[in-house]
Amino acid sequence: MNGKFVVGAIVLTALAAGAVVYYMQEYGPYTQVTFTPGSEILLTALSGTAEAIPVRDVKGIDGTSSPLKFRACFVAEQSLATLTEAYTVYEKPTPLIAPGWFDCFDADAIGEALESGEAVAFLSQADVVPNTNDVEIDRVVAVFPDGRAYAWNQLAPGTEK
């Protein structure tokens, strides 16, 4: 009879530990991002300066455990053609997977759209997180023709270790 209680306690402890680990991986490191109206999303102009672009419906997440946890979803109010003429296109965009509960950001769909040419990636800010162990982190924005847009941080091309 005592063996059943010991095994039961071990199983319950393992389940509780598993639930804590899952929560800490999926929800724990993320917080909602508060954006300043009018300056939520920046793009780097062809002149090299970062400029705010008009957007709406912005929501985003970030985390303190890694500079690569930033993700945002929004609607760009300028046409894709206007953005392409005025801002720097990003050469090697690689959208990173977001946690499942942040369901507006689908990295696989964004990546496929970028590869097919349906969406265009722009440099938001180069080296957005300075002094990160000699690794540059860029903020990238992908825009679809209908205005849907997504932002994330990624390792700058050529700086991977």
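The values are calculated or read from the model by the stated rules, or taken from the named source; none is laboratory data. As the structure is a prediction and not an experimental result, all values here were calculated from the model. Positions of Cβ are backbone-derived with ideal geometry, glycine not excepted, and every protein chain shown enters the neighbour counts.
Take the residues in the range 114-161 that are hydroxyl-bearing (Ser, Thr, Tyr) and modelled with pLDDT of 95 or more; name whichever of them is farthest from the chain's Cα centre (by Cα). Working first, answer last.
Filtering the range 114-161 down to residues hydroxyl-bearing (Ser, Thr, Tyr) leaves 116, 124, 132, 150, 159.
Those left that are additionally modelled with pLDDT of 95 or more: 116, 124, 150.
Working: Ser116: 20, Ser124: 12, Tyr150: 8 Å.
The selected residue is Ser116.
For the range 66-99, a tally of residues being of a type in the set (Asp, Glu) and farther than 23 Å from Val135 by Cβ returns 2.
If you go through the range 107-161, how many residues are of a type outside the set (S, T, N, Q) and not in a strand (DSSP E or B)?
Quick first cut of the range 107-161, residues of a type outside the set (S, T, N, Q) only: 107-115, 117-123, 126-130, 134-152, 155-158, 160-161.
Adding the requirement that they be not in a strand (DSSP E or B) leaves 107-115, 117-119, 126-130, 134, 136, 144-147, 156-158, 160-161.
Total satisfying the criteria: 28.
Here the range 70-95 is the region considered, the condition is being under 15 Å from Asp127 (Cα atoms) and touching a Phe, Trp or Tyr at 6+ places or on another chain (Cβ under 8 Å), and the residue that is modelled with the lowest pLDDT is Phe70. Each residue in the range 74-110 was checked for being farther than 18 Å from Lys59 by Cα, buried (at least 18 other Cβ atoms within 10 Å of the Cβ) and within 16 Å of the chain's Cα centre (by Cα), and 2 of them qualify. Residue count for the range 119-138 satisfying the condition of being among the charged types (D, E, K, R) and surrounded by 15 or more Cβ atoms within 10 Å (Cβ to Cβ): 2. Assess whether Ala121 counts as being out of contact with any His (no Cβ under 6 Å at 6 or more places or on another chain), in the same structural domain as Asp62 (by TED's automatic domain parsing) and within 24 Å of Ala86 (Cα to Cα). Judged against the criteria, Ala121 is a match.
Among the residues of the range 10-33, is any closer than 14 Å to Tyr150 by Cβ and either surrounded by 10 or more Cβ atoms within 10 Å (Cβ to Cβ) or hydroxyl-bearing (Ser, Thr, Tyr) (or both)?
First pass over the range 10-33, keeping only residues closer than 14 Å to Tyr150 by Cβ: 33.
Then keep just the ones that are either surrounded by 10 or more Cβ atoms within 10 Å (Cβ to Cβ) or hydroxyl-bearing (Ser, Thr, Tyr) (or both); that gives 33.
Yes: one or more hits.
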